[in-house]
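These notes are about the structure you will find just below.
The values are calculated or read from the model by the stated rules, or taken from the named source; none is laboratory data. Predicted model, so just to flag it, every value in this text is computed and none were measured. Using ideal geometry, Cβ is built from the backbone for each residue, glycine included, and neighbour counts are taken over all protein chains shown. Please note that ligands, DNA and RNA were not included when accessible areas were found on the heavy atoms of the full protein model with its side chains. Shrake-Rupley method; radii C 1.70, N 1.55, O 1.52, S 1.80 Å.
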Amino acid sequence: FILALAVALQDGDQVAFRTHASPSNAQYQYLDAHTGDGSLGMAPSTDYTSYSGTHWKAHKFSDGSWAFESLGSIHNSQYIYLDANTYTGAVALKSTTDYPFTGTHWSLPTLSDGNVGLKTMSEHANSNFVYLDVNVNTGGSLGLKSTTDYPFTGTHWEIVTLVPAATGIPAATSKLAD
């Protein structure tokens, strides 16, 4: 059971990203960073003991874009920030949000169903690879898609606040709203 409360994402919040691609597929629910090798996958829960890579820290830039830092229990300075490669459509973790990793900058447009799209703000724009997508029909594979429209339902994400920056106290699950 998830209690959805309308709150705005704040700089420093600890969050999880829950897909709305297939709510009935419990195996692929949360974006999971694999800090050992820089890859990404999906996990069934945000249990820190088993799936620490589902915990992310939000960082807001002065231009209004966001970076998301993995808070996985295995610290690896090479694999920290969620990054979009707009040349290949791949997503992975990178060491910094500085150039040349401009795919580490994201915007969060609100979608018609109330969820958000994770839209890359890469300097290397490519209209074929814009939104973070999970395909639950292919083992939870992740990549970038051109749109959030059907059939790309894996581009619809709920941002779940785990620990608000303002209090530092673990929160009841809450949903981002602009």
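One table, with the values for the structure above:
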item	result
Any hit, segment 154-166, residues being of a type outside the set (A, V, I, L, M) and open to solvent by 40 Å² or more (accessible area, probe 1.4 Å)	no
Segment 56-71 residues that are within 17 Å of Gly41 (Cβ to Cβ), paired with ones that are open to solvent by less than 50 Å² (accessible area, probe 1.4 Å) and assigned to a loop (DSSP other than H, G, I, E, B) (beta carbon under 7 Å, 6 or more apart)	Trp56/Leu71; Ser70/Thr35; Ser70/Ile80; Leu71/His55
Residue under evaluation Val7, criteria (1) at pLDDT below 95; (2) in contact with a Leu (Cβ under 6 Å, 6 or more places away or on another chain), criterion not met	(2)
Positions within segment 134-148 being open to solvent by 50 Å² or more (accessible area, probe 1.4 Å) and part of a strand (DSSP E or B), in sequence order	Asn135, Ser141, Lys145
Residue, surrounded by the fewest Cβ atoms within 10 Å (Cβ to Cβ), within segment 34-51, restricted to residues that are over 14 Å from His75 (Cα atoms) and not hydroxyl-bearing (Ser, Thr, Tyr)	Asp47
All positions within segment 11-36 that are in a loop (DSSP other than H, G, I, E, B) and modelled with pLDDT of 95 or more	Asp11, Gly12, Asp13
Residue within segment 163-174 that is within 25 Å of Ala8 (Cα to Cα) and assigned to a strand (DSSP E or B) present	yes
Test: residue in segment 125-133 that is in contact with an Asp or Glu (Cβ under 7 Å, 6 or more places away or on another chain), over 19 Å from Lys60 (Cβ atoms) and either assigned to a loop (DSSP other than H, G, I, E, B) or open to solvent by less than 20 Å² (accessible area, probe 1.4 Å) (or both)	no
Meets criteria (touching a Lys or Arg at 6+ places or on another chain (Cβ under 7 Å) and more than 16 Å from Thr120 (Cβ to Cβ)) for Gln78	no
Strands (runs of 3 or more DSSP E) contained entirely in segment 52-121, each with at least 1 residues that are surrounded by fewer than 16 Cβ atoms within 10 Å (Cβ to Cβ) and of a type in the set (D, E, K, R)	56-60
Tabulated pairs, segment 164-175, first of a type in the set (A, V, I, L, M, F, W, C), second surrounded by 14 or more Cβ atoms within 10 Å (Cβ to Cβ) and at pLDDT below 85, C-beta under 9 angstrom, 6+ apart or interchain	Ala171/Val7
